[in-house]
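Colleague: Right, I'll just put the structure down here and ask away after.
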Amino acid sequence: MLNKKECVAMLLAGGQGSRLYALTNKIAKPAVSYGAKYRIIDFPLSNCINSNIDTVGVLTQYQPLLLNDYIGNGQPWDLDRTFGGVHILPPYQGKNKTDWYKGTANAIYQNIDFMKRYHPEYIIILSGDHIYKMDYSKMLDFHKEKNAEATIAVINVSLQEASRFGIMNTDQEMRIQEFEEKPAKPKSTKASMGIYIFNAEVLYQYLEADEANPESQNDFGKNIIPSMLRDGRLMYAYPFSGYWKDVGTIDSLWEANMDLLGENPKFDLFDKMWKIYSRNEAYPPQFICEGSKIENSLLTVGCYIEGYVKNSLLSQNVQIGKNAKVIDSVLFDNVIVEEGATIEYSIVAENVVVKKQAKIGESKQKANKITVIGSDVTILEDYKVAAGQMIEKDVRK
Amino acid sequence: MSVLGLIFSNIHSKEVFEITQKRTIASTPIGGRYRLIDFSLSCMVNAGISNIGIITKSNYQSLMDHIGSGKEWDLARKRGGLVILPPYGVSDSVYNTRLEAIKSIISFIKHSTSEYVILSDCYHVCNIDYKDLLKYHHEKGADITCVYHECLVCADDFMPINRLALNEEERVIEMQVLSTFSGTANVSMDIWVMKKELLEKLVDEAIVTNYRSFNRDILSKNLNNLRIFGYKFEGYFGNISSIQTYYDVNKNLLKKEIRDELFYQPGRSIYTKVRDSAPTKYGLESKVVNSLIADGCMIEGEVYNSVIFRGTKIGKGAIIKDSILMQDTIISEGKHLEYVITDKNVVIENKKELIGNSEYPVYVKKGGIL
């Protein structure tokens with residue numbers, strides 16, 4: 001009996017995320033924390049399972065240790081399957097050659113055998129860089145209806161922003177006529193979301209041709225898509241409307257976190273029909289002490305709050321001491337903020353300890369840049385970290 | 001050394017009858033995100049016990065839903081793992097006592113390859129180190145070790161207690177089931193360890209002689225023939241034996257030292273079913289004081305000295321004091337609750353005020369709309 005899957009997802013999770021600086025020193029970008037209890041990769045993985053795609057290859061390369069651990073057997077996302085499920089695909093040694101993943105297309109090329117094992121009709125390519133909720137099965141329906149060979153998800157951006165994205169120029173039927181990478185004078189506002197559906201056979205063919213071309217940069221946006229367009233392949237743009245955010249920079253990561261706050265947040269995690277799954281640790285519920293105050297914030301298990309928290313997101317097991325203040329900030333797992341310390345307009349990574357009376361950042365009104373503290377750093381008593389600074393190692397007085 | 005864990009999920013269900021109308025005592029929600037059985041199960045798992053049977057009798061749907069395959073406790077195992085043992089008729093009726101329950105699963109026990117067995121009820125909120133218990137059992141050269149704690153029993157506690165008298169080497173010399181008592185006593189916590197072989201032998205004898213009570217007919221009759229020792233548990237023990245004690249134990253979890261002891265023991269976490277709720281959201285005008293808040297809540301009102309379970313919504317201007325709100329309770333704007341226990345899925349939308357007192361908290365049953 002031929003066992004097969006209609007659609008296999010390939011999730012590109014090898015990116016370094018160099019514009020997140022200290023936050024990605026030890027971990028890959030998809031493993032970066034977001035929204036108090038998630039990591040970026042929870043979003044594409046949850047989207048897959050919510051869209052009935054149960055076979056996902058996760059391509060890792062840069063600092064994969066935590067990511068491997070985090071994904072594990074895929075159980076938190078219901079992706080522990082006897083046939084299919086989630087598979088981590090690091091670069092490997094082949095019979096004839098050994099290679100790092102040279103580009104996005106090359107990474108997929110090197111795993112053609114993995115995809116072929118499931119005899120899929122369609123391959124969906126995803127990236128681990130974005131925060132969004134999307135039903136891929138609807139995109140697949142669109143792809144089938146249009147009888148397309150490739151479909152690229154697009155989102156409407158403003159004309160000013162358009163020159164930061166890959167822009168699709170389409171006809172009225174949404175067939176792609178032209179693709180421009182970061183155009184100076186954009187002709188449309190349909191930005192590529194980096195989500196592609198291909199007919200599997202067509203994809204294999206183009207990946208092999210791309211690999212054979214020594215000139216190629218082995219990149220989907222730069223090579224595969226343009227060459228398919230040149231050949232007049234049937235390529236369509238699937239319009240997506242809804243929240244979608246690239247969290248590739250400190251500013252955008254901070255903003256995406258803040259988008260969860262407020263009376264009517266831009267992005268809602270409370271939707272029971274589209275749950276986002278994550279790996280949890282066994283902590284008791286959060287405890288809010290006497291004398292504390294929490295305004296407009298998101299907190300999760302294990303937090304212990306004695307101080308003041310405003311417009312902030314606190315991940316698992318964060319402790320805020322008496323008279324400490326956390327304002328307009330994002331704190332990752334296990335951060336300890338001791339008595340009287342202040343954190344404003346900052347992102348503070350895992351396991352950071354902020355000692356008594358230390359001060360990190362400036363108020364959002366005064367500071368022009370977000371302050372960032374990298375993981376495992378200890379900020380000494382009374383120490384002041386100026387607004388916009390990035391601290392990656394312990395600072396001696 | 002391999003150990004089989006046996007958990008009785010129903011034995012004390014009648015005592016907290018309000019909450020156990022539609023569930024077992026084992027699946028009674030506690031502490032914001034847990035069910036009572038999480039404590040017994042996690043203690044076993046943390047001692048390396050990976051072969052556990054849960055004995056059920058009735059109302060065990062919510063228990064099965066909570067336990068699932070056991071994967072949250074790392075018990076979805078190919079070898080051993082977790083087995084739910086539904087009632088199996090001993091002559092046409094379902095068992096009534098602990099001993100009859102054991103009789104009904106004797107083939108499961110005999111089939112197990114474990115050398116030892118730990119039997120436990122699950123009305124406990126405590127974190128016992130079973131490794132230490134097993135070590136003690138060996139050191140004493142005991143046939144049976146019974147876990148007990150010293151406590152002050154009040155005359156108006158109507159629940160019968162199983163009082164132990166021990167000699168200086170902690171050997172049990174007398175056991176009495178008392179229905180009225182007042183003063184300090186060593187009370188059995190209904191957790192025992194013994195060789196599996198011995199349990200089988202005792203149960204076989206009981207079948208022949210038609211004994212019915214584990215404590216009275218097996219333990220107290222054998223105090224001279226068997227070396228039965230007491231293991232004194234000195235940590236926090238929240239004993240759920242009535243709706244009042246249910247309320248009190250939840251309130252006790254607001255004390256840091258108790259939470260630290262229960263939940264932050266290195267290598268001995270308490271596991272529970274993951275619900276994948278969003279983080280909890282605090283509104284602009286929220287005020288929360290001295291409260292335990294689970295994930296997935298939306299808090300816009302004021303909460304004082306309370307335990308709030310997963311998925312609860314508290315509207316603007318609502319005031320919640322000294323209350324226990326179980327999962328998915330909805331309190332609409334401006335409501336005032338004091339000393340209230342709301343069961344799962346309760347909606348308070350019409351009643352302006354609901355006020356009990358610390359001895360008699362108001363209880364609103366599952367799905368109630370007031």
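Yes/no matrix, rows are residues, columns are (1) closer than 30 Å to B:Glu205 by Cβ; (2) within 14 Å of chain A (Cβ to nearest Cβ):
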{"position": "B:Asn10", "(1), (2)": "yes, no"}
{"position": "B:Ile19", "(1), (2)": "no, no"}
{"position": "B:Ile54", "(1), (2)": "yes, no"}
{"position": "B:Tyr60", "(1), (2)": "yes, no"}
{"position": "B:Lys71", "(1), (2)": "no, yes"}
{"position": "B:Leu82", "(1), (2)": "yes, no"}
{"position": "B:Arg98", "(1), (2)": "yes, no"}
{"position": "B:Ser107", "(1), (2)": "yes, no"}
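Colleague: Can you tell me which condition B:Tyr264 does not meet? The list is (1) more than 30 Å from A:Ile305 (Cβ to Cβ); (2) hydroxyl-bearing (Ser, Thr, Tyr); (3) surrounded by fewer than 18 Cβ atoms within 10 Å (Cβ to Cβ), and all the others hold.
Modeller: Here B:Tyr264 meets the rest and fails (1).
Colleague: Okay, moving on. Please verify whether region B:185-203 includes one or more residues that are in contact (Cβ under 8 Å) with a residue 12 or more places away in the chain, of a type in the set (A, V, I, L, M), in a helix (DSSP H, G or I) and out of contact with any strand residue (DSSP E or B) (no Cβ under 9 Å at 6 or more places or on another chain).
Modeller: yes
Colleague: Can you give me the number of residues within region A:59-83 that are crowded, with 24+ Cβ neighbours inside 10 Å and not in a helix (DSSP H, G or I)?
Modeller: So the answer is 3.
Colleague: What single numbered condition from (1) at pLDDT below 95; (2) part of a strand (DSSP E or B) fails to hold for A:Val56?
Modeller: With respect to (1) at pLDDT below 95; (2) part of a strand (DSSP E or B), A:Val56 is out only on (1).
Colleague: Give me the pairs: first residue in region A:357-374 and more than 17 Å from A:Tyr308 (Cβ to Cβ) and of a type in the set (D, E, K, R), second residue modelled with pLDDT under 95 and surrounded by fewer than 18 Cβ atoms within 10 Å (Cβ to Cβ), beta-carbon distance under 6 Å, and six or more apart or on different chains, which are they?
Modeller: Close Cβ pairs satisfying both conditions: A:Lys369/A:Gly388.
Colleague: Just one of (1) in contact (Cβ under 8 Å) with a residue 40 or more places away in the chain; (2) under 13 Å from A:Ser278 (Cα atoms); (3) out of contact with any Ser or Thr (no Cβ under 7 Å at 6 or more places or on another chain) trips up A:Ala36, so point out which.
Modeller: (3)
Colleague: Looking at (1) modelled with pLDDT of 95 or more; (2) more than 7 Å from chain B (Cβ to nearest Cβ), can you tell me which one A:Arg279 breaks?
Modeller: Unmet condition: (1).
Colleague: For region B:307-316, give me each residue that is touching a residue at least 24 places away in the same chain (Cβ under 8 Å) and either part of a loop (DSSP other than H, G, I, E, B) or within 7 Å of chain A (Cβ to nearest Cβ) (or both).
Modeller: B:Phe309, B:Arg310, B:Gly311, B:Lys316
Colleague: Read through the list (1) crowded, with 18+ Cβ neighbours inside 10 Å; (2) of a type in the set (Gly, Ala, Ser); (3) more than 14 Å from chain B (Cβ to nearest Cβ), then give the number of the only condition that A:Ala209 fails.
Modeller: (1)
Colleague: Sticking with this one: If you check A:Lys325, A:Lys272, which single one turns out to be within 28 Å of A:Asn73 (Cβ to Cβ) and either within 10 Å of chain B (Cβ to nearest Cβ) or in contact with a strand residue (DSSP E or B) (Cβ under 8 Å, 6 or more places away or on another chain) (or both)?
Modeller: Testing whether each residue is within 28 Å of A:Asn73 (Cβ to Cβ) and either within 10 Å of chain B (Cβ to nearest Cβ) or in contact with a strand residue (DSSP E or B) (Cβ under 8 Å, 6 or more places away or on another chain) (or both) leaves just A:Lys272.
Colleague: Let me ask something additional. Quick one: in region B:235-264, of everything that is polar (S, T, N, Q) and assigned to a helix (DSSP H, G or I), which residue is nearest to the other protein chains (Cβ to nearest Cβ)?
Modeller: Of everything passing the filter in region B:235-264, B:Asn250 is nearest to the other protein chains (Cβ to nearest Cβ).
Colleague: Which residue out of A:Phe142, A:Phe179, A:Phe198 is part of a helix (DSSP H, G or I) and among the aromatic types (Phe, Trp, Tyr)?
Modeller: A:Phe142
Colleague: Counting residues that are in contact with a Leu (Cβ under 6 Å, 6 or more places away or on another chain), which strands (runs of 3 or more DSSP E) fully inside region B:1-105 reach at least 3?
Modeller: Filter on region B:1-105 gives B:51-55.
Colleague: Condition check: in contact with an Asp or Glu (Cβ under 6 Å, 6 or more places away or on another chain), assigned by TED's automatic domain parsing to the domain that holds B:Ile128 and under 25 Å from A:Ile288 (Cβ atoms). Does B:Tyr236 satisfy that?
Modeller: Spelling it out, B:Tyr236 is indeed in contact with an Asp or Glu (Cβ under 6 Å, 6 or more places away or on another chain), assigned by TED's automatic domain parsing to the domain that holds B:Ile128 and under 25 Å from A:Ile288 (Cβ atoms).
Colleague: State which residue is nearest to B:Trp73 (Cα to Cα) when the search covers only region A:252-265 and only residues that are among the charged types (D, E, K, R) and either modelled with pLDDT of 95 or more or crowded, with 20+ Cβ neighbours inside 10 Å (or both).
Modeller: Result: A:Asp259.
Each row is one residue, and each column tells you yes or no for (1) under 29 Å from A:Glu255 (Cβ atoms); (2) in contact with a strand residue (DSSP E or B) (Cβ under 7 Å, 6 or more places away or on another chain); (3) among the polar types (S, T, N, Q).
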| position | (1), (2), (3) |
| --- | --- |
| A:Lys187 | yes, yes, no |
| A:Ala191 | yes, yes, no |
| A:Ile197 | yes, yes, no |
| A:Glu208 | no, no, no |
| A:Ser227 | no, no, yes |
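Colleague: Additional query: Being within 27 Å of A:Glu215 (Cβ to Cβ), at pLDDT 90 or above and not aliphatic (A, V, I, L, M) is the filter here; which residues of region A:73-112 pass it?
Modeller: Within region A:73-112, A:Thr104, A:Asn106, A:Tyr109, A:Gln110, A:Asn111 qualify.
Colleague: What number of residues within region B:118-166 satisfy the criterion of being buried (at least 17 other Cβ atoms within 10 Å of the Cβ), small (Gly, Ala, Ser) and assigned to a loop (DSSP other than H, G, I, E, B)?
Modeller: Matching residues across region B:118-166 total 1.
Yes or no, residue by residue, for (1) at pLDDT below 95; (2) among the polar types (S, T, N, Q):
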| site | (1), (2) |
| --- | --- |
| A:Lys138 | no, no |
| A:Glu161 | yes, no |
| A:Gln172 | yes, yes |
| A:Glu178 | yes, no |
| A:Ile195 | no, no |
| A:Tyr206 | no, no |
| A:Asp231 | no, no |
| A:Phe240 | no, no |
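Colleague: In addition: Just name the residue that is nearest to the other protein chains (Cβ to nearest Cβ) out of those in region A:248-269 that are under 25 Å from A:Asn25 (Cα atoms) and small (Gly, Ala, Ser).
Modeller: A:Ala256
Colleague: While we're here: Taking region B:265-289 as the search range and keeping residues that are within 23 Å of the chain's Cα centre (by Cα) and more than 8 Å from chain A (Cβ to nearest Cβ), which one is nearest to A:Phe270 (Cα to Cα)?
Modeller: B:Arg275
Colleague: State yes or no: is A:Asp113 surrounded by fewer than 17 Cβ atoms within 10 Å (Cβ to Cβ) and among the acidic types (Asp, Glu)?
Modeller: Spelling it out, A:Asp113 is indeed surrounded by fewer than 17 Cβ atoms within 10 Å (Cβ to Cβ) and among the acidic types (Asp, Glu).
Colleague: A further question follows. Out of A:Tyr122, A:Tyr92, which single residue is touching a Cys at 6+ places or on another chain (Cβ under 8 Å) and either hydroxyl-bearing (Ser, Thr, Tyr) or on the phi > 0 side of the Ramachandran plot (or both)?
Modeller: So the residue among A:Tyr122, A:Tyr92 that is touching a Cys at 6+ places or on another chain (Cβ under 8 Å) and either hydroxyl-bearing (Ser, Thr, Tyr) or on the phi > 0 side of the Ramachandran plot (or both) is A:Tyr122.
Let's see how each residue does on (1) away from every other protein chain (no Cβ under 14 Å); (2) more than 23 Å from A:Phe270 (Cα to Cα); (3) crowded, with 22+ Cβ neighbours inside 10 Å; (4) out of contact with any Asp or Glu (no Cβ under 7 Å at 6 or more places or on another chain):
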| position | (1), (2), (3), (4) |
| --- | --- |
| A:Leu298 | no, no, yes, yes |
| A:Lys310 | no, no, no, no |
| A:Gln316 | no, no, yes, no |
| A:Gly321 | no, yes, no, no |
| A:Ser329 | yes, no, yes, no |
| A:Ile343 | yes, yes, yes, yes |
| A:Val348 | yes, yes, yes, yes |
| A:Ser363 | yes, yes, no, no |
| A:Lys366 | yes, yes, no, yes |
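Colleague: Only one of (1) in contact (Cβ under 8 Å) with a residue 60 or more places away in the chain; (2) of a type outside the set (Phe, Trp, Tyr); (3) more than 7 Å from chain A (Cβ to nearest Cβ); (4) not in a loop (DSSP other than H, G, I, E, B) is not met by B:Leu292, so which one is it?
Modeller: All conditions are met except number (3).
The values are calculated or read from the model by the stated rules, or taken from the named source; none is laboratory data. Given the structure is predicted, the values throughout are model-derived calculations rather than measurements. FYI the Cβ positions are ideal-geometry reconstructions off the backbone, even for glycines, and counts take in every protein chain you see.
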